[in-house]
Amino acid sequence: MPTQILMLLATFVAEGTPEGRWTNPTGSVTVDVAACGEAWCGTVVSASDKAKADAAKGGTANLIGTQLMSGFTAAGDGKWKGRLFVPDINFRARAELRIIDSDRLLVRGCMAGRFVCKSQTWTRAE
């Protein structure tokens, strides 16, 4: 295949997945979402001093390198379902990722079934 076709195919595949670096709405945490086995996982690659301190209070001594997103598998319609770790309260929740567009990712986690949920729009990091 010509190189241009391979590059176009690689771009299409990457945009159709949650793969990449994403930053939370406050800019305090950036995760690298990559394949881990047959699922997607997100590992912290940078964090503010406040985010690190909050995580430490919750029992996560080293926020950098911590896997916040794990086991995300395709659930149809540009969504992936898996688990989200909230280090400042040391809690794992059911979660969903949904691509809004090439630069925005909706991250939604729920506690107590679907009764207590929180959503955030993360942006693609440069």
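The values are calculated or read from the model by the stated rules, or taken from the named source; none is laboratory data. Keep in mind that what you see is a predicted model, and the values were worked out from it rather than measured. Note that each Cβ is placed from the backbone with ideal geometry, even for glycine, and that neighbours are counted across all protein chains shown.
Would you be able to tell me the number of residues in segment 81-125 that are part of a loop (DSSP other than H, G, I, E, B), touching a residue at least 24 places away in the same chain (Cβ under 8 Å) and not hydroxyl-bearing (Ser, Thr, Tyr)?
5
What number of residues within segment 90-118 satisfy the criterion of being more than 12 Å from the chain's Cα centre (by Cα) and surrounded by fewer than 15 Cβ atoms within 10 Å (Cβ to Cβ)?
13
Of the residues VAL44, VAL33, which single one is over 22 Å from GLY16 (Cβ atoms), modelled with pLDDT of 95 or more and part of a strand (DSSP E or B)?
On the way: VAL33 fails: over 22 Å from GLY16 (Cβ atoms).
Of the residues listed, the single one that is over 22 Å from GLY16 (Cβ atoms), modelled with pLDDT of 95 or more and part of a strand (DSSP E or B) is VAL44.
With the structure loaded, tell me whether ASP32 is surrounded by 15 or more Cβ atoms within 10 Å (Cβ to Cβ) and either at positive phi or touching an Asp or Glu at 6+ places or on another chain (Cβ under 8 Å) (or both) or whether it fails that test.
no
For residues that are in a loop (DSSP other than H, G, I, E, B) and of a type in the set (A, V, I, L, M), scanning just segment 58-80, find the one that is surrounded by the fewest Cβ atoms within 10 Å (Cβ to Cβ).
ALA61
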